[in-house]
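One structure is given here, and the rest of the page talks about it.
Derivation of every value follows stated rules applied to the coordinates shown; laboratory data play no part. The shown structure was predicted, so the numbers you read here are calculated from the model rather than taken from an experiment. Here Cβ is always computed from backbone atoms with ideal geometry, including for glycine, and neighbour counts include all displayed protein chains.
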Amino acid sequence: MMDNKVSPKFASPLIGVVGLGRMGSNFAQNMLESGFQVVVYDRNPPRVAALVTVGAQGASVLSDLASCEIILTALSDDQAMIAVCDGPHGLLASMGAGAVHVSTGTISPEAAEALERKHEACGQAFVSAPVLGNPDLARQRLIFVLAAGKMSAMKKVMPILEALSQKICVIAEQPEKANILKLAANVLTALTMQGMGEVLVLLRKSGFNERDVFEVLTGTLFDSRVHKGYGGKIMQKHYLPAGMTLPLAVKDLRLALLQAEKVQAVMPTAAIVHDRLVGMCAQGWENLDWSALGLLTARDSGLADDVPGRDEE
C-alpha cells in the first residue's frame, strides 16, 4: 500500500480525481491500471482509503492536489461543483497555474461557462467532458466522452480521456457546448425508456412473453444501445443498483428544459417525462435507476410489479 502523502514531483503528470462515487472511483482505478500517478479526494474518507489500497495516493484536503497538472472531477450537480471549487480552500485556489480541470459530471451550461472564466482568471484551464454511459460501462472503458474546451487544454488531457473511454467526441472550444449536448442525450434516453416501458406493458397485458418480444424488437429496428441496455433493465425489472438515480435524472431533465426555454425550443414530451420522474421521487423511489420509468408505467397500468428494496425499508 502506498503512503497517502502526495509526492511533490513525478516524472509523468500527476492526475487528481475529486469525487469518488461509482463513476469517479472507476475513473481512478482505470487510470491506475493504465500506469498514471493518481491522487484521490472525496469528502468520504473510506472511499479514499479503498483506492489507496490499490495504488492511489490519498488527499485529505483539496490543497493536497496542488502538484496535479490535471484534475478530473466527477460531481453530480452545480451545487457540488461550487462547494468543491470555490472558497479559500477550494479547487480554484489549490490548483497551480497551467493546470487543467476536467469536469465529467452533468452540470448546467451556465456553471460550465462560469468555471471557464474563473479558471482563466487563475491562469488555469477548464474542459467539460461529460460522459455517455453508466458506472459499469465506465469500469469497462466503454463510455463515450463529449469533450469541449480550448484546444491547448484538450490536447493536454486527451491521453487521460483516451484511457477512460472507447471514443472521444470533440464538440467545440466552448465548454458549455458539451454540457448542452449531454443534457440533450439524457432527454433522448429518458424518452426512449418511457417508450420502451409503455410498449413492454402493452405486450405483457396482451399476453406476450416479455423476453421473447424484447428480443424481436431489439433484434430488428430497435437495436440501439439505449433500447437494449435500458430496455433490458425494464424487461428484467433490474432497477438496483442505480446507474443514475431518479433525483439526478430529474435534475438533468430540468436543466435541459431550462436550456430549451432559454433558446425557445418546445419540448412537451420531455416535460411530461420530467414530471413522471418527479412523481417517482414523491413515491419514495429516489434510490432506483431512472429506467424505473418502466416500473411506473407498469404500476399505472395495473400490474403489481414490486418496488426493489421496498421490503427492506
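Things worth noting here:
- Length gained when the stretch residue 63-residue 79 is fully extended (0.36 nm per residue, less Cα-Cα span): 3.8 nm
- Of 106, 73, 218, the one that fluctuates the most in a GNM where the chain has Cα springs shorter than 10 Å: 218
- Value of D in µm² per second that Stokes-Einstein yields for region 174-313, Kirkwood Rh from Cα pairs, at 10 °C (1.306 mPa s): 102
- Length-normalised contact order for the chain - Cα pairs under 8 Å, 6+ apart - percent: 12
- Using R0 = 35 Å, the C-beta based FRET efficiency linking residue 86 and residue 224 works out to 0.35.
- When Rg and the Kirkwood radius Rh are both evaluated on Cα atoms of region 113-199, their ratio Rg/Rh stands at 1.06.
- For the peptides 44-50, 107-113, 176-182, residues were scored by their other Cβ atoms within 10 Å and the scores averaged per peptide; the highest-first order is 176-182, 107-113, 44-50.
- Global size of region 1-145 as Cα Rg and Dmax, reported in angstrom: 14.0, 41
- Magnitude of the charge dipole, region 44-202, Cβ model with Lys/Arg +1 and Asp/Glu -1, debye to 20: 420
- Cross-link pairs 167/237; 156/228; 155/262; 182/262; 118/262 - those with Cα-Cα distance over 26 Å: 167/237; 156/228; 155/262
- DSSP bridge orientation in the chain - percent antiparallel, rounded to nearest 5: 15
- Relative contact order (percent, whole number), region 250-313, Cα cutoff 8 Å, 6+ residue spacing: 23
- Set of aspartates and glutamates with alpha-carbon distance to residue 177 below 14 Å, sequence-local pairs under 8 removed: 110, 113, 116
- Antiparallel bridge percentage (DSSP; both residues within region 96-172; nearest 5): 25
- Paramagnetic reach from residue 272 (point 7 Å along Cα→Cβ, amide N under 14 Å) across region 192-225: 192-199
- Using the Stokes-Einstein relation with a Kirkwood hydrodynamic radius computed over Cα pairs, the translational diffusion coefficient of the chain at 4 °C and a viscosity of 1.567 mPa s comes to 63 µm²/s.
- Kirkwood hydrodynamic radius of region 212-275, from inverse mean 1/r over distinct Cα pairs, in Å: 13.7
- Computed [θ] at 222 nm, helices only, for the chain once each DSSP H run of length n ≥ 4 contributes -39500 (n - 2.57): -15500 deg cm²/dmol
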